[in-house]
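Right, one structure below, let's go through it.
The values are calculated or read from the model by the stated rules, or taken from the named source; none is laboratory data. As the structure is a prediction and not an experimental result, all values here were calculated from the model. Cβ placement follows ideal geometry from the backbone for every residue including glycine, while neighbour counts extend to all protein chains displayed. Calculation scope for accessible area: heavy atoms of the full protein, side chains included, ligands and nucleic acids excluded. Shrake-Rupley method; radii C 1.70, N 1.55, O 1.52, S 1.80 Å.
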Amino acid sequence: MLEAASAIEAIDLLAHNVQQAQQLVSRLLIDDGWNAIEVDKVVQGWILQGDYLLRSRSSESADFVVGNPPYIRLEDVPEVRMAAYRRSCNTMGGRADIYVGFYEKGLVSLKSDGKLAFICADRWMRNQYGRGLRQLIARQYSMDLALIMHDVDAFEDQVSAYPAITVISNRTQGTAIAADTRRSFSSAQAHEFASWTTSSNDQYVDTETYHAARLPHWFAGDDSWPSASPARLAMLEELSQRYQLLEDRRTGTRVGIGVATGADKIFITDRADLVETDRLLPLSMVRDTKTGIFEWNGSYLVNPWDSAGNLVDLTNYPRLASYFKRHASVLRKRHIAIKQPSRWYKTIDKVDPHLTAQPKLLLPDMKMTIHPVLDEGGYYPHHNLYFIVSDSWDLRVLGGLMLSKVAEAFVEAYAVKMRGGTLRFQAQYLRKIRVPNQDDIDESTCNALREAFEKRDSSAATEAALRAYGLDHLPD
Ligand SMILES: C[S@@+](CC[C@H](N)C(=O)[O-])C[C@H]1O[C@@H](n2cnc3c(N)ncnc32)[C@H](O)[C@@H]1O
């Protein structure tokens, strides 16, 4: 009994919850044959009222931390307490939920090789406010298990909180398990799953109520962690071990976004005689990419930038000057013009003078499927288009890879899906795509990728891409 007295420390903020927990635990121990007189004393020492985020506690003292932390937006916590939480927990930046602080406190209290297991919302794995926590884990801990339980009725009360069970340990990252449950997952299957995690060496398991995969590592870094079926996550992790990122200095490959103007109605025209000819820059727009073959519809940027990347002097361009002056009231109202009144006719982004001539793959942002389209050069992309340029890739081969479901799987796992399943092909997601070296792709696969791209045949592109990536199939 004495040995047990200092073995557990449990904290809740509310006296009522503390009492309830003490009674429950006392009853369990007495039923288990413990001495009723001593039980109360021990249990009162174990279960304490306090604020877990503010208590002073020596670090690295716990073998295990388990918890079901509260979900409360920091902005719903009284201001003084909120400030204290922020001082006490480095990872609670931005609009963090307070469960982030529970993770931090729990993790730093772990002894070497100690383990933390929480049932908690999984939003921190992907959103902005979870970045600090992801960084802490990526640097010092090992994500051992993420069991996603979105459809499971995990709590007595009806809470819509994207629950997940995570196990994290205080050691360098080892193998990890990604798992997902289906609606009917309940405690019997939880036991079955737990025994799979400890007693099986299989890489995959797929049952009616859960599916899981073993990954050689967890995803490195503090960027949003991907979301996909366990088997897909295993594939993405494997590819990220094997291949480099699409954007790479060594291959001179870059992902970017087209020019934002802040006043498209004024800066974009289809009138080829509107101002001096050399002030009109042919602009590629989403509608030019519709069919998959680039077809310019005749839009121009009314370009205030010269070929050295400087804003032009309007006195050298009387027609441009009079056009901009006619629209000065609208142009000057833009945030960018208010900030720099003397440069009131600039577009939000500078025009990169080298980009126009470069061949590029264009990708419209919001689409159901990935849609790379080749501009052979001569057009400048508009803001709704993302582009890929490269010094070394044959863009038709790369286009074949980009058209494939393998490339799409990266974007799908990292991007937040919109209603109706529309995907966002923004630069930050395209930059997650991993690609093999072009030199390592055999000639017939290169030809197949090129041909699939030219024919806009996504299944042929996927088939060839699987070969290029050394995969035998694309998991669902
Ligand atoms: C999701 S409930 C979990 C309750 C119980 N531990 C369980 O697992 O069923 C979260 C609990 O955290 C407690 N809580 C909220 N803020 C807290 C804090 N700063 N320190 C300690 N406990 C806190 C709440 O009172 C509530 O009982």
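Please find, within the stretch 83-103, the residue that is modelled with the lowest pLDDT out of those that are hydrophobic (A, V, I, L, M, F, W, C) and away from the ligand (no atom under 11 Å from the Cβ).
By that ranking, first place goes to Ala96.
All but one of (1) of a type in the set (D, E, K, R); (2) open to solvent by 30 Å² or more (accessible area, probe 1.4 Å); (3) closer than 25 Å to Leu374 by Cα hold for Lys325; state the number of the condition that does not hold.
So Lys325 meets the others, but not (3).
So which residues in the stretch 365-393 are surrounded by fewer than 16 Cβ atoms within 10 Å (Cβ to Cβ) and in a loop (DSSP other than H, G, I, E, B)?
Once the filter is applied, which keeps residues that are surrounded by fewer than 16 Cβ atoms within 10 Å (Cβ to Cβ) and in a loop (DSSP other than H, G, I, E, B), the stretch 365-393 yields Met368, Thr369, Glu376, Gly377, Gly378, Asp391, Ser392.
Would you check which residues across the stretch 65-74 are over 13 Å from Tyr129 (Cα atoms) and either away from the ligand (no atom under 11 Å from the Cβ) or not assigned by TED's automatic domain parsing to the domain that holds Ala121 (or both) and list them?
Matches in the stretch 65-74: Val65 only.
Name the residues in the stretch 403-449 that are of a type in the set (D, E, K, R) and open to solvent by 30 Å² or more (accessible area, probe 1.4 Å), would you?
Lys405, Glu412, Lys417, Arg419, Arg424, Arg431, Lys432, Arg434, Asp439, Asp440, Asp442, Glu443
Could you figure out which of (1) modelled with pLDDT of 95 or more; (2) assigned by TED's automatic domain parsing to the domain that holds Ile168; (3) open to solvent by 50 Å² or more (accessible area, probe 1.4 Å); (4) away from the ligand (no atom under 12 Å from the Cβ) isn't true of Ser59?
Here Ser59 meets the rest and fails (1).
Among the listed residues Ser61, Ser26, Ser56, Ser88, which satisfies the condition of being over 35 Å from the mean Cα position of the chain (by Cα) and of a type in the set (Ser, Thr, Tyr)?
Ser26
Please tell me if Gly130 is out of contact with any strand residue (DSSP E or B) (no Cβ under 7 Å at 6 or more places or on another chain), at positive phi and at pLDDT below 95.
No.
Give the residues of the stretch 329-348 that are farther than 19 Å from Lys265 by Cβ and out of contact with any strand residue (DSSP E or B) (no Cβ under 7 Å at 6 or more places or on another chain), sorted by residue number.
Of everything in the stretch 329-348, those that are farther than 19 Å from Lys265 by Cβ and out of contact with any strand residue (DSSP E or B) (no Cβ under 7 Å at 6 or more places or on another chain) turn out to be Lys339, Gln340, Pro341, Ser342.
Among the residues of the stretch 236-258, are any at pLDDT below 95, crowded, with 16+ Cβ neighbours inside 10 Å and among the acidic types (Asp, Glu)?
Yes, some residue in the stretch 236-258 is at pLDDT below 95, crowded, with 16+ Cβ neighbours inside 10 Å and among the acidic types (Asp, Glu).
Looking at Arg214, Arg254, which is the one that is within 23 Å of Ala413 (Cβ to Cβ), in the same structural domain as Pro359 (by TED's automatic domain parsing) and of a type outside the set (A, V, I, L, M)?
The conditions single out Arg254.
What's the number of the only condition in (1) touching a helix residue (DSSP H, G or I) at 6+ places or on another chain (Cβ under 8 Å); (2) farther than 30 Å from Tyr141 by Cα; (3) charged (D, E, K, R); (4) within 16 Å of the ligand (Cβ to nearest atom) that Glu79 fails to meet?
(1)
Considering only the stretch 228-242, state which residues are of a type in the set (Gly, Ala, Ser) and either under 16 Å from Lys417 (Cβ atoms) or without any contact (Cβ under 8 Å) to a residue 40 or more places away in the chain (or both).
Of everything in the stretch 228-242, those that are of a type in the set (Gly, Ala, Ser) and either under 16 Å from Lys417 (Cβ atoms) or without any contact (Cβ under 8 Å) to a residue 40 or more places away in the chain (or both) turn out to be Ala228, Ser229.
Are any residues in the stretch 1-55 in contact (Cβ under 8 Å) with a residue 24 or more places away in the chain, more than 10 Å from the ligand (Cβ to nearest atom) and of a type in the set (Ser, Thr, Tyr), and if so, which ones?
The answer is Ser6, and nothing else.
Quick one: which residue in Asp278, Asp223 is open to solvent by 20 Å² or more (accessible area, probe 1.4 Å) and modelled with pLDDT under 95?
Asp223
Is it the case that Phe219 is outside any strand (DSSP E or B) and in contact with a Pro (Cβ under 7 Å, 6 or more places away or on another chain)?
Yes; evaluated as a whole, the condition is true for this residue.
Across the stretch 196-216, what is the number of residues that are open to solvent by 50 Å² or more (accessible area, probe 1.4 Å) and either assigned to a loop (DSSP other than H, G, I, E, B) or touching a strand residue (DSSP E or B) at 6+ places or on another chain (Cβ under 7 Å) (or both)?
Residues that pass the stated criteria total 6.
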